[in-house]
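Undergrad: Dropping the structure in here first, questions after.
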Amino acid sequence: MITRISTEINAAKKALEEGVAIGIPTETVYGLAANALNQDAVESIFRIKGRPISNPLILHCFDLEQARPYFLSFHDELQRLHEAFSPGPITFLVPRSANVPSIITAGLDQVAIRFPSQPMLRALLSYLEFPLAAPSANKYGAVSPTNANQVKEQLEGEIPMVLDGGPCIFGLESTIVGMVDSSVVVYRLGSISLDELSIVLGYIPTVQNHADLQPLVPGMVKYHYAPQTPLHYFTSNQKPMDHSGYIFLQSIPTEFNPLNCITLSSDGDLREMGRNVYKALLDMDAKGYKALYIEKPAPEGLGLTLLDRLNRATAKFKA
Ligand code: TXA
Ligand code: MG
């Protein structure tokens, strides 16, 4: 099978209706999508990704109306966040209805639902009679793709097509929120920052950032977002080394050869850094360096999300 990159929404619709998994654009990262109500199609997602079946999937719906058959209740606090940020990069953990196949939630009694804003995906969702189950379109544990080519590189021959909606505008996964008692809890830091949530809620939600952390199956990959090339944090007094690649946040220090360096945002803009970080990791990974070094972002706003991902990506290579 050759993996085709295409902008044909109709071809995507047809494949999904036939129970085939395909790559889709979202505003966060590219997804590996299938009909959430088709058991075989959903199983193929796990197989293609190499992901343990115990790790649940997010339902992608056009709007709350399309999602209604799949949840029992949607707490007022979550509704406020929904009004503020959907469609967009936020995922809601809500009590699931019996219409949700248990493979989607790994048997848990809550289901994760989000309402993407990417225009091509919204058009596709509006034509479909079922929600899409879609994890990020990377192999399990690897860096999430943020453009169609990077999906093709990771999943070549395993899916017939990637719907090409251009580069992702956020570049980091959705923020996952749920309720504990009557307060919002953040289960995964993401493209909507804690500050943005706090402004709407009037309080800072607790972070129980374990969504991607739990090694749900003993012996399975414990690390996420990691390139193949060993990745470490750059330390400020570090000198340039041979055969090493460097990812700087804003500017390249004078003694470094720019050919071995990349910057995430010359304006020092966190949004832009978020948009570029996975692409930078995948691009640098392909260059055959012995090691990669990345500058650490400050723990503020979206910087918290960046730090979360980079802590996990570097953890794999800690001695
Ligand atoms: O931005 C995103 O959310 C992207 C795009 C493609 O939409 N999707 C994504 O999916 O990041 P995935 O599968 O790579 O990450 C979803 C996370 C997983 O860590 C999973 O464990 C958690 O959400 N999750 C999904 N359903 C859950 C549930 N019912 N209870 C607890 N955690 C859940
Ligand atoms: Mg993922």
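The values are calculated or read from the model by the stated rules, or taken from the named source; none is laboratory data. The structure displayed is predicted, hence computed values, not measured ones. Glycine gets a Cβ as well: all are built from the backbone with ideal geometry, and neighbour counts include every protein chain shown. Just so you know, the surface numbers come from the protein's heavy atoms only, side chains and all, with ligands and any DNA or RNA stripped out. Shrake-Rupley method; radii C 1.70, N 1.55, O 1.52, S 1.80 Å.
Undergrad: Please pick out the residue among Thr235, Thr314 that is polar (S, T, N, Q), outside any strand (DSSP E or B) and surrounded by 20 or more Cβ atoms within 10 Å (Cβ to Cβ). Give the derivation first.
TA: Details: Thr235 fails: surrounded by 20 or more Cβ atoms within 10 Å (Cβ to Cβ).
Step by step, each of Thr235, Thr314 is checked, and only Thr314 is polar (S, T, N, Q), outside any strand (DSSP E or B) and surrounded by 20 or more Cβ atoms within 10 Å (Cβ to Cβ).
Undergrad: Among the residues of region 167-204, how many are more than 16 Å from ligand 1 (Cβ to nearest atom) and among the hydroxyl-bearing types (Ser, Thr, Tyr)?
TA: Number of matching residues: 4.
Undergrad: Now for a separate question. Among Gly288, Gly301, Gly245, which is over 30 Å from Ile204 (Cβ atoms) and open to solvent by less than 50 Å² (accessible area, probe 1.4 Å)?
TA: Gly245
Undergrad: Let me ask another. Can you say whether Ala211 is more than 18 Å from Asp283 (Cβ to Cβ), within 16 Å of ligand 2 (Cβ to nearest atom) and at pLDDT below 95, as far as the supplied structure shows?
TA: Judged against the criteria, Ala211 is a match.
Undergrad: Looking at region 150-179, I want the residues that are on the phi > 0 side of the Ramachandran plot and have a partner that is of a type in the set (A, V, I, L, M, F, W, C) and away from ligand 1 (no atom under 12 Å from the Cβ) with Cβ atoms under 9 Å, at least 6 apart or on another chain. Which pairs are those?
TA: Taking only residues 6 or more apart or on different chains, the pairs are Gly157/Met1; Gly157/Ile2; Gly166/Met120; Gly166/Ala148; Gly171/Met273; Gly171/Val277.
Undergrad: Listed residues Lys318, Lys290; which is over 21 Å from Asn147 (Cα atoms), at pLDDT below 95 and not polar (S, T, N, Q)?
TA: Just one listed residue meets the conditions, Lys318.
Undergrad: Let me ask you something else. Which pairs turn up if I take residues in region 70-86 that are without any contact (Cβ under 8 Å) to a residue 60 or more places away in the chain and look for partners that are part of a loop (DSSP other than H, G, I, E, B) and not basic (Lys, Arg) with beta carbon separation below 7 Å, at least 6 apart in sequence or on another chain?
TA: Pairs that qualify, where the first residue is without any contact (Cβ under 8 Å) to a residue 60 or more places away in the chain and the partner is part of a loop (DSSP other than H, G, I, E, B) and not basic (Lys, Arg), are Phe71/Ser97; Leu72/Ser97; Ser86/Phe115.
Undergrad: May I ask you to list the residues in region 102-112 that are more than 9 Å from ligand 1 (Cβ to nearest atom) and modelled with pLDDT of 95 or more?
TA: Ser102, Ile103
Undergrad: I need the strands (runs of 3 or more DSSP E) fully contained in region 22-69, keeping only those with at least 1 residues that are near ligand 1 (Cβ under 9 Å from one of its atoms) and open to solvent by 40 Å² or more (accessible area, probe 1.4 Å).
TA: none
Undergrad: While we're looking at this one, here's another question. If I go through region 101-137 residue by residue, how many of them are buried (at least 24 other Cβ atoms within 10 Å of the Cβ) and part of a loop (DSSP other than H, G, I, E, B)?
TA: Qualifying residue count for the region: 6.
Undergrad: Out of curiosity, is Ala36 at pLDDT 95 or above, farther than 30 Å from Arg4 by Cβ and not hydroxyl-bearing (Ser, Thr, Tyr)? Even if it seems obvious, please write down each step before you answer.
TA: Numbers: at pLDDT 95 or above: yes; farther than 30 Å from Arg4 by Cβ: no; not hydroxyl-bearing (Ser, Thr, Tyr): yes.
So Ala36 fails the test.
Undergrad: Consider Arg312 carefully, then state whether it is at pLDDT 95 or above and either over 15 Å from Pro227 (Cβ atoms) or under 24 Å from the mean Cα position of the chain (by Cα) (or both). Can you show your working first?
TA: Values: at pLDDT 95 or above: no; either over 15 Å from Pro227 (Cβ atoms) or under 24 Å from the mean Cα position of the chain (by Cα) (or both): yes.
So Arg312 fails the test.
Undergrad: Now a separate question. Can you spot a residue in region 226-243 that is at pLDDT below 95, within 16 Å of ligand 2 (Cβ to nearest atom) and not charged (D, E, K, R)?
TA: So far as region 226-243 goes, yes, one or more of its residues are at pLDDT below 95, within 16 Å of ligand 2 (Cβ to nearest atom) and not charged (D, E, K, R).
Undergrad: Filter region 181-210 for residues that are among the hydrophobic types (A, V, I, L, M, F, W, C) and assigned to a helix (DSSP H, G or I) and give the result.
TA: If the condition is that a residue be among the hydrophobic types (A, V, I, L, M, F, W, C) and assigned to a helix (DSSP H, G or I), then Leu194, Leu197, Ile199, Val200, Leu201 are the ones that fit.
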